[in-house]
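The values are calculated or read from the model by the stated rules, or taken from the named source; none is laboratory data. All figures in this text were calculated on a predicted structure; none of them were measured in a lab. Don't worry about glycine lacking a Cβ; one is built from the backbone with ideal geometry, like all the others, and counts go over all protein chains shown.
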Amino acid sequence: MSETAARGVTAKATIDDVEVGGRRVLLRVDFNVPIQDGRIADDRRIRAALPTITALRDRGARVLIATHLGRPKGKVVDDLRVAPLAARLGELLGAEVRVATDVVGESAQALSSALKNGEVGMLENVRFEPGEEANDPEFARRLAALADVYANDAFGTAHRAHASTEGVGHLLPAVAGYLMIRELQMLGGVLEEPRRPLVAIIGGAKISTKIGVLRHLLPRVDTLWVGGAMACTFYQALGEATGTSLVEPDQVETARALLQEAHGRDGGDLRLPVDLVVARDAQTPEGSDVVSWKDIPGDRMVVDVGPDTVAQIAESCRNAGTVVWNGPLGIYEVDAFAEGTRRVAQALADSDAVTVVGGGDLAAALARLGLDDRITHVSTGGGATLEFLEGRVLPGVAVLRDRAA
């Protein structure tokens, strides 16, 4: 994504730029939340869409919500019906949210016709329809026929060219919801005009899943920290042994090229953990130890960053103007191997910098730590956040109208 293109995504038209009073608004949201025993375990994505839904209701729109839930692969799966989502949304709004029993059939059409100004309805799981993920033009046409305006507030699915995220945007006036525009502004700000110094912290298990982000950010940041198991691929590129740690042999040359690129730059640098927590296996904390990055035992694997590394990352955060973080720094699902992620999260919370954290695993970790409200922006996207930071054009964003138009 060029800088001009990056600036363009933050100039998208929003629900404030179109007339919605008395009109049917098809609002695509991302309510793909965890459900356990029929109960929603985490409703943050539902709450994140409330400002857009409330604004539409206040302006007299007839709001028809579309979302996916899980991966039904074009088939009806009773455990993935949206009724629990509608019930929770209704509780949060203090108003009934009626649910269609299908997506574009008779029930959906009747619901669309019956909605009155300020009322909210919800279509059944859009991924029950095979035409959704195929971005089938006929399915998109039937979906568009249910509304007069299309609004996308589902940044988490904006990287998917599906019927409800991209196809329908060609058939109706298409604008962004408040959550979508907030994501574009915050993530776009990291790439366009960040407060300096700009520090990026990229964690995760495999360099192959983060190579696009690393390449895109390296020339833009002042400091790029690489953590998680993928740091081991960089250690091998430097000629060091990594014990039984996860390594991608086919990415060693890629890591070496990135290190050489960073070394040849003026200014910023690519930094690796200087000490690490190692263990005999990924699930057992017994026998774990802290070692230098050059002294990883042959029978141990890297499971977390060490205290010296955490202290250095925390120092980077204290001195930063902007910090962007994507991916945990250890096997955070195992409590004993989550200390590095926890302490870096605290460092971000304590920083005066603009802090932007990629969604998914880190968002959940921050919520558990009670730190999410001390981060400037916690993205609701997973893959969408990653692809945006890679500089890719997201189909669900590209289809939205520009404000100037």
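Structure summary
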{"quantity": "Leading residue by the ranking (nearest to VAL302 (Cα to Cα)) among those in region 336-359 that are among the charged types (D, E, K, R) and not in a loop (DSSP other than H, G, I, E, B)", "calculated": "GLU339"}
{"quantity": "Residue ID - surrounded by the most Cβ atoms within 10 Å (Cβ to Cβ), chosen from residues in region 111-137 that are within 25 Å of the chain's Cα centre (by Cα) and more than 20 Å from ASP78 (Cβ to Cβ)", "calculated": "GLY131"}
{"quantity": "Scan of region 207-227 for residues that are part of a loop (DSSP other than H, G, I, E, B), closer than 20 Å to ALA384 by Cβ and more than 16 Å from the chain's Cα centre (by Cα), ordered by number", "calculated": "ARG220"}
{"quantity": "Residue under evaluation GLY204, criteria (1) assigned to a loop (DSSP other than H, G, I, E, B); (2) within 16 Å of the chain's Cα centre (by Cα); (3) closer than 21 Å to PHE31 by Cβ, criterion not met", "calculated": "(3)"}
{"quantity": "Some residue of region 65-83 being of a type in the set (D, E, K, R) and within 28 Å of PHE388 (Cα to Cα)", "calculated": "yes"}
{"quantity": "Members of region 11-46 that are in a helix (DSSP H, G or I) and modelled with pLDDT under 95", "calculated": "ARG44, ARG45"}
{"quantity": "Where GLU240 falls short, out of the listed (1) modelled with pLDDT of 95 or more; (2) within 30 Å of ALA349 (Cα to Cα)", "calculated": "(2)"}
{"quantity": "Search result, residues across region 68-92 that are of a type in the set (Val, Ile, Thr) and touching a strand residue (DSSP E or B) at 6+ places or on another chain (Cβ under 7 Å)", "calculated": "VAL82"}
{"quantity": "In region 360-405, the residues that are surrounded by 21 or more Cβ atoms within 10 Å (Cβ to Cβ), touching a Lys or Arg at 6+ places or on another chain (Cβ under 9 Å) and either assigned to a loop (DSSP other than H, G, I, E, B) or polar (S, T, N, Q) (or both)", "calculated": "THR380, LEU394, LEU400"}
{"quantity": "Only one of GLU240, GLU248, GLU183 that is at negative phi, among the acidic types (Asp, Glu) and within 22 Å of the chain's Cα centre (by Cα)", "calculated": "GLU183"}
{"quantity": "Residue check, VAL310 under 16 Å from GLY330 (Cβ atoms), in contact with a helix residue (DSSP H, G or I) (Cβ under 8 Å, 6 or more places away or on another chain), surrounded by fewer than 16 Cβ atoms within 10 Å (Cβ to Cβ) and β-branched (Val, Ile, Thr)", "calculated": "no"}
{"quantity": "Residue within region 333-347 that is under 15 Å from GLY204 (Cβ atoms), among the hydroxyl-bearing types (Ser, Thr, Tyr) and modelled with pLDDT under 95 present", "calculated": "yes"}
{"quantity": "Single condition GLU315 does not satisfy, out of (1) over 30 Å from ARG280 (Cβ atoms); (2) assigned to a helix (DSSP H, G or I); (3) modelled with pLDDT under 95", "calculated": "(3)"}
{"quantity": "In region 150-171, residue nearest to VAL29 (Cα to Cα) [restricted to those that are surrounded by fewer than 21 Cβ atoms within 10 Å (Cβ to Cβ) and either in the same structural domain as GLY381 (by TED's automatic domain parsing) or aliphatic (A, V, I, L, M) (or both)]", "calculated": "ALA161"}
{"quantity": "Residue among VAL199, VAL190, VAL226 that is surrounded by 22 or more Cβ atoms within 10 Å (Cβ to Cβ), touching a Cys at 6+ places or on another chain (Cβ under 8 Å) and not polar (S, T, N, Q)", "calculated": "VAL199"}
